[in-house]
Structures are given as C-alpha cells and as structure tokens.
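Derivation of every value follows stated rules applied to the coordinates shown; laboratory data play no part. This is a predicted model, so every value here is computed, not measured. Backbone-built Cβ (ideal geometry, glycine too); neighbour counts: all protein chains shown.
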Amino acid sequence: MNVPANLKYTKSHEWVRLEADGSVTVGITDHAQDLLGDLVFVELPDTGRALAAGEEAAVVESVKAAADVYAPLAGTVTEINQGVVDAPETVNQDAYAAWLFRLAPASAADLDTLLDAAAYTASVAA
C-alpha cells in the first residue's frame, strides 16, 4: 500500500496536502481506489462551495460501488480537477497525482487533527 509520508489522511480514506499558498489539495488514497476498483465516474463540488469538516463533498463511482468523498476539514472549494471528471481512471493510475479538489481551509490548525502516514497505515491495518 502506497502511503506518502508528506501527506495527512482521514479515517475515511482521503489524503490532504498543504500547499505553499495555504490551501489544501484533497484526493482519495491509493487504498481507497484499490478497494473501489476501476473508477468510471467522478462528481466534484462546485467552486465557491463552503464545506464543513466531514461533509460529503464529492462522489466517486466504480464498476463495483459508489463512495462519498468527505471534506477533511472546513473550508471553501477554490478549484476542482476537471481532468479526473473527464478521465476517472487517472485516479486508479496514481491516486496521489489525481487530486479531486482544493480548499481554502477555515483554520490551518485543523490540519493537526488529521492522521499522519503511520497512523493512517495503522488504521487501515486494524
């Protein structure tokens, strides 16, 4: 299982990367895409949408199932990755390159509430 050490994670299998401008990039983990199988559809939130931490933000569908993607922290959607909407299979090819959306977090301190790579790996193994 690929779990990059430079990212933060949620128990619901989202990854989060802090960007230089203070925004955060969000995607689903390699483990999540592996469980789902071949993705065939991705629905992303509208830019400008305010999200609460834990709120359903996006949907990914595979040939097996549909899964909600949750906002890892409160914030406003600043950008979506249209590339994954047009080609959902890119998430299967590299879940960490195929990000879903970017947020301007309501509080940067909320990042500290997320799991590090070791804690995420342990939660998946449990």
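Evaluating Ala126 against the criteria (1) among the small types (Gly, Ala, Ser); (2) in contact with a helix residue (DSSP H, G or I) (Cβ under 8 Å, 6 or more places away or on another chain); (3) under 20 Å from Ala5 (Cβ atoms) leaves one unmet condition, (2).
Between Ala104, Ala98, the distinction of being aliphatic (A, V, I, L, M) and either free of Cβ contacts under 8 Å to residues at least 40 places away in the same chain or assigned to a strand (DSSP E or B) (or both) belongs to Ala104 only.
If you go through the stretch 57-74 one residue at a time, do you hit one that is touching a residue at least 12 places away in the same chain (Cβ under 8 Å), outside any helix (DSSP H, G or I), exposed (fewer than 13 other Cβ atoms within 10 Å of the Cβ) and in contact with a Leu (Cβ under 8 Å, 6 or more places away or on another chain)? Yes, the stretch 57-74 has at least one match.
Reported count of residues in the stretch 17-50, each being closer than 18 Å to Val63 by Cβ and without any contact (Cβ under 8 Å) to a residue 60 or more places away in the chain, is 10.
Looking only at residues in the stretch 15-33 that are under 16 Å from Gln93 (Cα atoms) and either among the small types (Gly, Ala, Ser) or in a loop (DSSP other than H, G, I, E, B) (or both), the one that is farthest from the chain's Cα centre (by Cα) is Ala32. Restricting attention to the stretch 61-76, which residues are over 19 Å from Leu7 (Cα atoms) and touching a strand residue (DSSP E or B) at 6+ places or on another chain (Cβ under 9 Å)? Scanning the stretch 61-76 gives Glu61, Ser62, Val63, Ala66, Ala67, Asp68, Thr76.
I need the full set of residues from the stretch 1-51 which are among the small types (Gly, Ala, Ser) and either loosely packed, with under 13 Cβ neighbours inside 10 Å or more than 27 Å from Ala122 (Cβ to Cβ) (or both), in order please. Answer for the stretch 1-51, where residues must be among the small types (Gly, Ala, Ser) and either loosely packed, with under 13 Cβ neighbours inside 10 Å or more than 27 Å from Ala122 (Cβ to Cβ) (or both): Ala5, Ala20, Gly22, Ser23, Gly37, Gly48, Ala50.
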